[in-house]
1. So A14 ticks every box in (1) more than 17 Å from the chain's Cα centre (by Cα); (2) aliphatic (A, V, I, L, M); (3) closer than 19 Å to A183 by Cα but one. Which box is left unticked?
2. Can you find a residue that is surrounded by fewer than 24 Cβ atoms within 10 Å (Cβ to Cβ), at positive phi and touching a Gly at 6+ places or on another chain (Cβ under 6 Å) anywhere in the stretch 196-207?
3. Output the residues belonging to the stretch 3-19 that are closer than 28 Å to M196 by Cα and assigned to a loop (DSSP other than H, G, I, E, B).
4. Name, by its number, the condition in (1) within 28 Å of G161 (Cβ to Cβ); (2) not in a strand (DSSP E or B) that does not hold for F22.
5. Starting from the stretch 80-95, take each residue that is buried (at least 17 other Cβ atoms within 10 Å of the Cβ) and list its partners that are among the basic types (K, R), counting only C-beta distances under 6 angstrom and pairs at least six apart or across chains.
6. Would you be able to tell me the number of residues in the stretch 28-59 that are under 21 Å from V187 (Cβ atoms) and touching a Lys or Arg at 6+ places or on another chain (Cβ under 6 Å)?
7. Any idea which residue in the stretch 1-53 is surrounded by the most Cβ atoms within 10 Å (Cβ to Cβ), counting only those that are under 22 Å from E63 (Cα atoms) and of a type in the set (S, T, N, Q)?
8. Within the stretch 32-44, take every residue that is hydrophobic (A, V, I, L, M, F, W, C) and touching an Asp or Glu at 6+ places or on another chain (Cβ under 7 Å) and give me the one that is farthest from S206 (Cα to Cα).
Amino acid sequence: MLELRDADVFYGKAQALHRVSFAVTPGDIVALIGRNGAGKSTLLRALAGAHALSHGERRLGGEDITRLPTYVCSRRGIGLVPENRQIFSNLTAEENLRLVEVLHPRGYWTRERVYALFPRLAERRKANGVSLSGGEQQMLAIGRALLANPHYLLLDEPTEGLAPVIIDAIIAAIGEIHQQGTAVVLVEQNFKVPQMLATHFHLIDSGRLTWSGPAGQLDEARDLLIVARH
């Protein structure tokens, strides 16, 4: 289990998360929903170790990993695909993927399996990151995270700004990743995506979790989300 316990996160003097307790277990696809600026991305980055906690704990499998740096969290099985993708634009797609292979132990996910998951990326493997389309960059960012063979994959707005055909490919890929045993935490403004995939939903507003429940209770979350947006 990957979890936050009573987590506070600040940006300078501004508090972004308020005593948030959140957990994802193997086998889950968890969606974080809420209005823009509610704290969804901050929670995701706090889970990955990319944001320091000013209070509370980050735990993995019962172990306190609060003070571990992000790269160690990655090697422990927490993969983050940030909203801005953060690929190396001066390297080819293949070089971006090879770099992860050097730094992480081998597992189920290999370059060959990433290319099978994203055939378009295989076609563009020799292209520099800067010349890839937005959809191709997103495929590369997800593929790069997979090569670390994470137990938990954290996706921040994976379909933002993408064409419908690419969104469908990303949805199918997330389903395949989950089938291979990886738990997924998803932040996504396009509600179609978590609606098709998520097993559990968490509503966050003003840095606080205000509702949590299984997909079958989603109508209750929708009502609260409408209230939060006003």
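Quick note: the coordinates plus some simple rules give every number you see, no bench work behind them. Computed from a predicted structure; not experimentally measured. In this analysis, Cβ positions are derived from the backbone assuming ideal geometry, glycine residues included, and neighbour counts consider all displayed protein chains.
1. The one condition A14 does not meet is (3).
2. yes
3. Listed by number, the list is empty, since nothing qualifies.
4. It fails just one condition, (2).
5. Within 6 Å, the pairs are T92/K126; A93/R124; A93/R125; E94/R125.
6. So in the stretch 28-59, the residues under 21 Å from V187 (Cβ atoms) come out as 28-53, 56, 58-59.
Going one step further and asking which of them are touching a Lys or Arg at 6+ places or on another chain (Cβ under 6 Å), we end up with 32, 34-35, 51, 56.
Within the stretch 28-59, residues that are under 21 Å from V187 (Cβ atoms) and touching a Lys or Arg at 6+ places or on another chain (Cβ under 6 Å) number 5.
7. Ranking the qualifying residues of the stretch 1-53, first place goes to T42.
8. Filtering the stretch 32-44 down to residues hydrophobic (A, V, I, L, M, F, W, C) leaves 32-33, 38, 43-44.
In the following step, the residues that additionally are touching an Asp or Glu at 6+ places or on another chain (Cβ under 7 Å) were identified as 38, 44.
Working: A38: 5, L44: 15 Å.
My answer is L44.
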